[in-house]
Structure formats: C-alpha cells, structure tokens
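All remarks here apply to the structure that follows.
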Amino acid sequence: MRVYVPLTLSGLAEAYKTGELAAGPLVAYAVTPGLREWYLSDDIEELEYAALSRAALASLRLLAADPGTARRRVVVAVDVPDGAAVADPDRSLDPAALGEVRVAGAVALAKVASVHVDSGDAEADVTAAAEALSAADGGDDDAQFVVDGAEDHELLWYATQEIPNLVGLGS
C-alpha cells in the first residue's frame, strides 16, 4: 500500500541522518474508503493525488508549527505492507481526517518510493499560507484564500537518490 507522509525539509534531513522516517506510530495519508467516498472517483491515480494533496496540507501544518524550518512542503511516498496503515474508524467522517492513516512501527528510508517538494518559486506563497493557516481554520475566508494559494503550486517529484540534495535545501 502506498502512503504519503507529510514532512518538512528538516524532518527529511533527520530521516536521512537516522535512516528512518519515524519511530512510529506515523501519521500518513492514503487512499482510504472515506477518501474514495469524498473524492467520488474510481481512478486510482486521481485518488492517490488526492491523498498526496492531503499530506501536502499536513506538511503545511508542520511548517506553521515550526517557523524556523525552510518554507517548502515535503511529502514522502512510501510503500508499506497491506494492513500496516490503518485508518481510525472513529474519525472516518471527520473532513479533517480524510485519507489519514497511522503506520505502526518505524518506516525505513529504504522503503521510500519518491519525495515530493515545493519548488523555490512556491516559498513566498507557502510562507504566507503557513502564517494564515490558523485564521483559515477559524473560518476566515481571506485567510483560506491565502492557504489555497499554496495549493496552487504542484509539488515536484524527486527520486530517492536525490534526497541528499534536497536535505541541502533546508540548510
């Protein structure tokens, strides 16, 4: 099963240093029944893109909580065994938890399939979105417009061999 793990560049650097994404449990996003129902599509590529987008929003939340890290959203795509990622049935109807899963145990960096990161061109919009996130969560439409501006930027795809170069971006 493919899961999408939200990170920051500093989080990716830590994973590169330790060889694992986290000791677990790890919050990630995947194609869950709730996401399928919400997205109304049977196209697996569209559904995986929706899960990736959910992880990108979670990465933005990590950036909002850590103003000292580079202002680029990071999502790591990881293949985990079926059953390793579990959705919380109590949160299946919560719009904020669409596609959210928990992966028990550590996830080795060797299991990463790809890394998705904002380009440098997105930094200003991502910075503004991270600063506006709290107000957007509170229902401020203008702040939500700013947050949506970050979502207009596509994350760039990187092979796992490029992780050392990406880690240098956060320095």
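The values are calculated or read from the model by the stated rules, or taken from the named source; none is laboratory data. If you're wondering where the values come from, they're calculated on a predicted model, not measured in any experiment. Glycine also receives a Cβ, built like all others from the backbone with ideal geometry; neighbour counts cover every protein chain displayed. Surface areas here come from the heavy atoms of the whole protein model, side chains and all, with no ligands, DNA or RNA. Shrake-Rupley method; radii C 1.70, N 1.55, O 1.52, S 1.80 Å.
What whole-number value in Å² describes the accessible area per residue of the stretch 1-88 for a 1.4 Å probe?
47 Å²
Counting only the backbone N, which residues of the stretch 1-18 are under 17 Å from the spot 7 Å out from the Cα of I44 toward its beta-carbon?
Answer for the stretch 1-18: 1-4.
Full-extension gain between E37 and D82, please, as 0.36 nm times their residue separation minus the C-alpha to C-alpha distance.
Length gained between E37 and D82: 14.2 nm.
What does the charge count around I44 come to, taking other residues whose C-beta lies under 12 Å from its C-beta (Lys +1, Arg +1, Asp -1, Glu -1)?
Summing Lys/Arg as +1 and Asp/Glu as -1 gives -3.
Net charge around D79, counting only other residues with Cβ within less than 11 Å of its Cβ (Lys, Arg = +1; Asp, Glu = -1)?
+1
Taking 2.2 N^0.38 Å as the expected size of a compact globular protein, what ratio does the Cα radius of gyration of the chain give against it, to two decimals?
0.98
Non-local amide H neighbours of V101 (under 5 Å, H modeled in plane, Pro and chain starts lacking H): which ones?
Correct list: A28, Y29, A30.
In deg cm²/dmol and to the nearest 500, what is the mean residue ellipticity at 222 nm of the chain if only DSSP H runs of at least 4 residues count, each as -39500 (n - 2.57), divided by the residue total?
-13000 deg cm²/dmol
Give a residue-ordered list of calculated ³J(HN,Hα) values for the stretch 47-55 (Karplus: 6.51 cos²θ - 1.76 cosθ + 1.60, θ = phi - 60°; whole Hz; x for Gly, Pro).
Working through the residues one at a time gives 5, 5, 5, 5, 5, 4, 5, 5, 5 Hz.
Let me know the volume per residue of the alpha-carbon convex hull for the stretch 8-76, in Å³.
Here the figure is 101 Å³ per residue.
Does the stretch 130-171 come out rounded, prolate or oblate by the C-alpha gyration tensor, with a ≥ b ≥ c the root eigenvalues, rounded set by a/c under 1.5 and, if not, prolate when a/b is larger than b/c and oblate if not?
Prolate shape, in that a/c is at least 1.5 and a/b is the bigger ratio.
Among V74, W38, L52, pick out the residue whose Cα is farthest towards the positive end of the charge dipole of the stretch 38-78, where Lys and Arg carry +1 and Asp and Glu carry -1 on C-beta, about the Cα centre.
My answer, from the dipole projection, is V74.
For the pair D142 and T127, how long in nm is the line joining their label points, each one 7 Å along Cα→Cβ?
Here the answer is 2.0 nm between the modelled labels.
Counting pairs of alpha carbon atoms under 8 Å apart in space and at least six apart in sequence, what relative contact order in percent does the chain give?
Reported as a whole number, the value is 30 percent.
Of the candidates A50, A113, A124, which one comes out as most mobile in a Gaussian network treatment of the chain with C-alpha springs shorter than 10 Å?
A124
Quick one: pull the percent of accessible area on the stretch 1-150 belonging to carbon and sulfur, 1.4 Å probe, ligands and nucleic acids left out.
53 percent
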